[in-house]
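Please treat every number below as a calculation from the coordinates, not as lab data. The structure displayed is predicted, hence computed values, not measured ones. Backbone-built Cβ (ideal geometry, glycine too); neighbour counts: all protein chains shown.
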Amino acid sequence: MEQGTILINGSALPFEPGRTILQVAEAHDIHIPTLCYLKDATPTGRCRICVVEVDGSSNLMTACNTPAADGMVVLTESPKVVASRRETLELMLASGNHNCSIGSGRESKWTEVQMQAAASDNFDTLCPSWGDCQLQDLAYHYQVEGGKYPRRQTPYPMETVNPLIVRDHSRCILCGRCVQACNEVQVNRAINFGYQGDATKIVTAGDVPLKDSDQCVFCGECIQACPTGALTEKKARFDWRPWDVEKIRTTCPYCGVGCQQWLHVKDGRIVKVTGVEEGSPNKGRLCVKGRFGYDFIYSDERLTTPLIREGDAFREASWDEALYLVASKLKEIIKESGPDAVAGVSCARSINEDSYQMQKLFRGVFKTNNIDHCART
């Protein structure tokens with residue numbers, strides 16, 4: 001396939017036809033900021049943060065959905081581009097309750113910012129995504145403060161009625177990333193844009209809460225895609241900050257697919273789980289169990305010691321004693337009634353390697369094919 005050449009910030013860069021300006025820039029380690037752009041989804045240019053200056057064009061072009069052309073000359077941080085991004089960020093900060101420090105510097109004193117956060121969010125702290133917000137990052141980068149435009153008050157209350165996801169419409173910048181994550185990445189088609197003008201918001205079918213939606217499966221992909229504090233995990237809300245957790249990569253234990261996870265661990269406890277964006281096979285995607293089903297390990301009802309029944313009661317035992325008892329009983333049954341008198345069921349939440357070892361045990365050691373896989377979860 002014949003390659004073209006594009007000039008970005010004075011550097012001549014080769015590219016293959018069909019690539020956008022943003023893709024070419026990323027391939028050559030040139031950073032162009034984005035908010036609405038979601039990898040592997042259809043680029044929309046909705047937020048206009050990725051605008052660049054293209055020689056010969058009277059208007060700034062959105063890099064995420066403008067095709068690269070041979071001989072194109074592009075500037076990614078010209079004064080015109082920076083001024084446009086700053087103006088866009090000022091409008092975004094005024095679009096709702098974005099009470100991070102840089103976003104409220106002109107509006108009031110710091111103590112008053114804290115009071116506003118408490119009044120608008122019912123907490124005595126700042127936005128739950130403070131420190132993990134792409135809008136805040138860009139506001140800091142371009143030194144943009146709130147207050148230039150009057151703050152728009154959202155007519156929609158915060159949705160907290162489901163146990164997993166908090167939807168705060170006052171922090172939504174209508175970038176559409178959650179819609180794309182739901183419709184194009186996970187293909188659940190549970191949410192979309194609704195209403196028009198100042199009344200626009202992200203809605204479910206019939207504009208019902210998520211818990212009443214027929215399509216939402218609570219995979220949480222919308223949370224991972226959200227660049228602000230509009231969507232947050234209810235269980236991790238205000239318990240998690242990026243600077244006070246350790247990230248540990250692991251494999252999801254719930255089934256044999258092998259999805260890659262980041263465990264966010266604080267003081268020895270998991271407080272949040274996210275998908276590993278570059279990890280195979282899931283590429284950042286997780287199901288409801290993988291993303292939210294982590295706190296059962298801290299349940300007081302969880303058995304942590306083997307129990308052996310004696311009469312009508314149970315007594316605690318060591319693992320060696322319990323395993324010896326199970327092995328003895330199995331040997332006894334096989335000796336008296338033959339290998340087909342025993343059967344095994346491998347749990348659907350076992351990893352593939354464990355299921356393989358279990359069938360190998362029954363077929364190779366017990367000499368029976370009575371082995372099955374339980375699909376119940």
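Of all residues being assigned to a loop (DSSP other than H, G, I, E, B) and in contact (Cβ under 8 Å) with a residue 12 or more places away in the chain in region 251-270, which is farthest from residue 347 (Cα to Cα)? Just the residue, please.
259
Out of everything in region 20-34 that is out of contact with any helix residue (DSSP H, G or I) (no Cβ under 8 Å at 6 or more places or on another chain) and free of Cβ contacts under 8 Å to residues at least 40 places away in the same chain, what residue ends up being nearest to residue 226 (Cα to Cα)?
26
Among the residues that make up region 213-232, is at least one of them within 20 Å of residue 159 (Cβ to Cβ), in a strand (DSSP E or B) and either in contact (Cβ under 8 Å) with a residue 60 or more places away in the chain or in contact with a Leu (Cβ under 6 Å, 6 or more places away or on another chain) (or both)?
Yes.
So residue 366 ticks every box in (1) in contact (Cβ under 8 Å) with a residue 24 or more places away in the chain; (2) of a type in the set (Phe, Trp, Tyr); (3) touching a Leu at 6+ places or on another chain (Cβ under 6 Å) but one. Which box is left unticked?
Failed condition: (3).
Search region 272-305 for residues being aliphatic (A, V, I, L, M) and in a loop (DSSP other than H, G, I, E, B), and hand back the single one that is surrounded by the fewest Cβ atoms within 10 Å (Cβ to Cβ).
So, considering only residues that are aliphatic (A, V, I, L, M) and in a loop (DSSP other than H, G, I, E, B), the one surrounded by the fewest Cβ atoms within 10 Å (Cβ to Cβ) is 303.
Looking for whichever is farther than 19 Å from residue 132 by Cα, touching a strand residue (DSSP E or B) at 6+ places or on another chain (Cβ under 8 Å) and crowded, with 18+ Cβ neighbours inside 10 Å here; the options are 218, 314. Which one fits?
Going through 218, 314 in turn, just one is farther than 19 Å from residue 132 by Cα, touching a strand residue (DSSP E or B) at 6+ places or on another chain (Cβ under 8 Å) and crowded, with 18+ Cβ neighbours inside 10 Å: 218.
Can you give me the number of residues within region 233-250 that are in contact (Cβ under 8 Å) with a residue 24 or more places away in the chain and touching a Lys or Arg at 6+ places or on another chain (Cβ under 9 Å)?
Here the count works out to 7.
Take the residues of region 312-351 that are assigned to a strand (DSSP E or B) and touching a residue at least 24 places away in the same chain (Cβ under 8 Å): which is nearest to residue 255 (Cα to Cα)?
So the residue we want is 347.
Filter region 70-95 down to residues that are within 24 Å of residue 29 (Cβ to Cβ) and in a loop (DSSP other than H, G, I, E, B), then give me how many there are.
Residues that pass the stated criteria total 6.
Among the listed residues 43, 33, 17, which satisfies the condition of being more than 19 Å from residue 73 (Cβ to Cβ), in contact with a strand residue (DSSP E or B) (Cβ under 8 Å, 6 or more places away or on another chain) and not hydroxyl-bearing (Ser, Thr, Tyr)?
Just a single option satisfies the conditions, and that option is 43.
Quick check on region 355-364. Is at least one of its residues among the charged types (D, E, K, R) and closer than 30 Å to residue 224 by Cα?
No, the conditions are met nowhere in region 355-364.
Collect the residues in region 352-377 that are outside any loop (DSSP other than H, G, I, E, B) and over 42 Å from the mean Cα position of the chain (by Cα), keeping them in residue-number order.
Within region 352-377, 364, 365 qualify.
Given the condition within 16 Å of residue 224 (Cα to Cα), surrounded by fewer than 16 Cβ atoms within 10 Å (Cβ to Cβ) and in contact with a Pro (Cβ under 7 Å, 6 or more places away or on another chain), answer yes or no: does some residue in region 167-176 qualify?
The answer is no; no qualifying residue exists.
Identify, from the list 235, 247, the residue that is assigned to a strand (DSSP E or B) and closer than 11 Å to residue 271 by Cα.
Just a single option satisfies the conditions, and that option is 247.
Each row is one residue, and each column tells you yes or no for (1) assigned to a loop (DSSP other than H, G, I, E, B); (2) surrounded by fewer than 22 Cβ atoms within 10 Å (Cβ to Cβ); (3) among the hydrophobic types (A, V, I, L, M, F, W, C); (4) out of contact with any helix residue (DSSP H, G or I) (no Cβ under 8 Å at 6 or more places or on another chain).
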residue	(1), (2), (3), (4)
18	yes, yes, no, yes
36	yes, no, yes, no
52	no, no, yes, no
56	yes, yes, no, yes
64	yes, no, yes, no
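Going through region 123-151 one residue at a time, which ones are in a helix (DSSP H, G or I) and closer than 22 Å to residue 234 by Cα?
Within region 123-151, 134, 135, 136 qualify.
Identify all residues within region 210-258 that are aliphatic (A, V, I, L, M) and farther than 20 Å from residue 127 by Cβ; write none if there are none.
Passing the criteria: 210, 217, 248, 257.
Report whether or not residue 154 is crowded, with 22+ Cβ neighbours inside 10 Å and either in contact with a helix residue (DSSP H, G or I) (Cβ under 8 Å, 6 or more places away or on another chain) or in a helix (DSSP H, G or I) (or both).
So residue 154 does not fit the description; no.
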